[in-house]
Ligand code: HEM
Ligand code: SF4
Ligand code: SF4
């Protein structure tokens, strides 16, 4: 779903609406529930991080809430899919973008194919989280109610713990890059995700195809 | 059960050192169960309930002499009955006292994520500390003997304590005290091993049980509960005693290499993005105004 040009408001005069209120709510809901699951999950992951469970209200409390908050995270991800899946489809340009990702890493963005509402890196992260959430949900249910897994199928519990942990680690890898990109590399994106608006120059520089589309211009 | 008089040598989910590690000359304790002299009277089951203060729980009748199908969170100790038909058509009525084996390398403790929910004393007893338990049941996944049992109401896991509260006070476990035939013995691991081997040799020499032997499985570095069996080659006949119990390899992978790979990956990722910032810096600020082309 692509945003339309904003009705000029005094506080956002000359800016473009990048994220609707629903999109921002959905993003932060998913983000903070993920963060909670990350913290409590890491507490169970390593004795050296078990203190996180104390900070978050105690270990039995963390064990109680981790799966429940995770369900909210999954619902947030489903909502995200409803709002963004079309914008996240990989295109031919994205494939070339990924081939030339070296240029993106070294800040030579001008050498890359133009990005639409999301660039190929963002799309990759999106799909990583969607599939990550599916794997975490599926395996997490077995970890949530191990007492219902029959003794003869004990191997299922063992496999599911491994799946859960590997899926968590893979999403953590994406998450580190996501936070780094949005907070440090492109601080304007944090403003965009909180206020909903970006200035035209930023939109034109980093998301040219989207910019042209929503402003009704032609290249 | 917490026990202040016993030194601890291993703690679950614990970062850092442990007070009793390599500092104590405590004897390893051991319970010896000679299944060849067990008469299935269940005095030990009663003594266990009495000492631990549990009421008798509900059970189901399944046409055997067994009190209930499996041990439970408030029923640590169960005589398993098996009617085994031998090759020559004779019947062996096998009875085995089933409870925690107090493994020297306990899978439950390895798997547990909660600091101090499972401890191992220097005398070898493995004990659950329910106040620290988070109810995740990883211990169930880690145990090769199907021992830890979950209480769904309190969300805590329980198992045989080897009467650590009695042993810490210089007493023998309650089951030992109750056994009328002397099939249960308690003492140091060395003494019990000696006694067990003597009994097994006696069985081999003076009875038809030519395969009698001692069950002290090396896959978990030995246990602090050992059996004398009529037939050491077929422990499964005794109500599913595993032949070669080990901490499952997937549990080892999860608690060993996977942690190191994961920790390395996360730290490397954070260092990596920090290095990237220093080397390449943020993306260029875009012009606030639309640049006319
Ligand atoms: C999607 C639904 C999810 C469910 C139902 C779920 C459930 C669980 C459960 C029941 C456990 C066992 C520990 C405990 O009992 O609390 C667990 C562990 C864990 N969870 Fe989740 N979780 C989910 C999502 C997540 C997410 C989004 C993360 C974020 C990274 C995560 C990371 C972890 C980690 C790292 C562990 C520890 C694994 C270990 O012991 O090594 N989980 N999860
Ligand atoms: S038998 Fe199971 S519960 Fe008992 S010490 Fe060994 S692994 Fe732990
Ligand atoms: S359920 Fe078992 S593994 Fe989990 S915290 Fe309790 S004792 Fe440890």
Residue that is farthest from residue A:110 (Cα to Cα) [pool: residues in region A:167-205 that are in contact with a strand residue (DSSP E or B) (Cβ under 9 Å, 6 or more places away or on another chain) and in contact (Cβ under 8 Å) with a residue 60 or more places away in the chain]: A:195
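Could you identify the single residue in A:92, A:15 that is in contact with a strand residue (DSSP E or B) (Cβ under 7 Å, 6 or more places away or on another chain) and away from ligand 2 (no atom under 16 Å from the Cβ)? Working first, answer last.
Working: A:92 fails: in contact with a strand residue (DSSP E or B) (Cβ under 7 Å, 6 or more places away or on another chain).
After ruling out the rest, the residue left standing is A:15.
Pick from region A:187-217 the residues that are part of a loop (DSSP other than H, G, I, E, B) and within 12 Å of chain B (Cβ to nearest Cβ): which of them is farthest from residue A:24 (Cα to Cα)?
From region A:187-217, those part of a loop (DSSP other than H, G, I, E, B) are A:187, A:196, A:207, A:215-217; that's our starting set.
Filter again for within 12 Å of chain B (Cβ to nearest Cβ), leaving A:187, A:207, A:215, A:217.
Numbers: A:187: 16, A:207: 18, A:215: 21, A:217: 26 Å.
Selected residue: A:217.
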Matching residues, region B:113-138, being more than 10 Å from chain A (Cβ to nearest Cβ), within 12 Å of ligand 2 (Cβ to nearest atom) and under 21 Å from residue A:66 (Cβ atoms): B:118
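Please go through region B:11-39 and pick out each residue that is within 14 Å of chain A (Cβ to nearest Cβ) and in contact with a helix residue (DSSP H, G or I) (Cβ under 7 Å, 6 or more places away or on another chain). Walk me through it before giving the result.
Restricting attention to region B:11-39, the residues satisfying the condition of being within 14 Å of chain A (Cβ to nearest Cβ) are B:11-18.
Hits for region B:11-39 are B:12, B:13, B:14, B:15.
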Test for residue B:60: is it modelled with pLDDT under 95 and not in a helix (DSSP H, G or I): yes
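Can you pull out the residues in region B:52-71 that are over 18 Å from residue B:238 (Cβ atoms) and buried (at least 18 other Cβ atoms within 10 Å of the Cβ)? Before you say what the answer is, go through the steps one by one.
Initially, region B:52-71 is screened for residues over 18 Å from residue B:238 (Cβ atoms), giving B:52-61, B:63.
B:52 - this is the single residue of region B:52-71 that is over 18 Å from residue B:238 (Cβ atoms) and buried (at least 18 other Cβ atoms within 10 Å of the Cβ).
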Criterion violated by residue B:141 - all others in (1) in contact (Cβ under 8 Å) with a residue 40 or more places away in the chain; (2) surrounded by fewer than 24 Cβ atoms within 10 Å (Cβ to Cβ); (3) within 16 Å of ligand 1 (Cβ to nearest atom); (4) not in a strand (DSSP E or B) satisfied: (2)
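How about region B:152-265: which helices (runs of 4 or more DSSP H) wholly inside it have at least 2 residues that are within 14 Å of chain A (Cβ to nearest Cβ) and in contact (Cβ under 8 Å) with a residue 60 or more places away in the chain? Before the answer, list the steps.
Working: elements: B:164-167, B:174-178, B:189-206, B:249-255.
Qualifying helices (runs of 4 or more DSSP H): B:249-255.
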So residue A:143, is it more than 10 Å from every other protein chain (Cβ to nearest Cβ) and modelled with pLDDT of 90 or more: no
Hey, residue B:135 over 23 Å from residue B:254 (Cα atoms) and not in a strand (DSSP E or B) or not: no
Tally, over region B:76-101, of residues that are over 28 Å from residue B:174 (Cα atoms) and in a loop (DSSP other than H, G, I, E, B): 5
Complete set of residues in region B:144-175 that are touching a strand residue (DSSP E or B) at 6+ places or on another chain (Cβ under 6 Å) and within 16 Å of ligand 1 (Cβ to nearest atom): B:148, B:150, B:157
Of all residues in region A:12-50 being outside any helix (DSSP H, G or I) and within 14 Å of chain B (Cβ to nearest Cβ), the one that is nearest to the chain's Cα centre (by Cα): A:18
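The values are calculated or read from the model by the stated rules, or taken from the named source; none is laboratory data. Values in this document were obtained by computation on a predicted structure and should not be read as measured data. Here the Cβ is made from the backbone with ideal geometry for all residues, glycine too, and neighbour counts use every protein chain on show.
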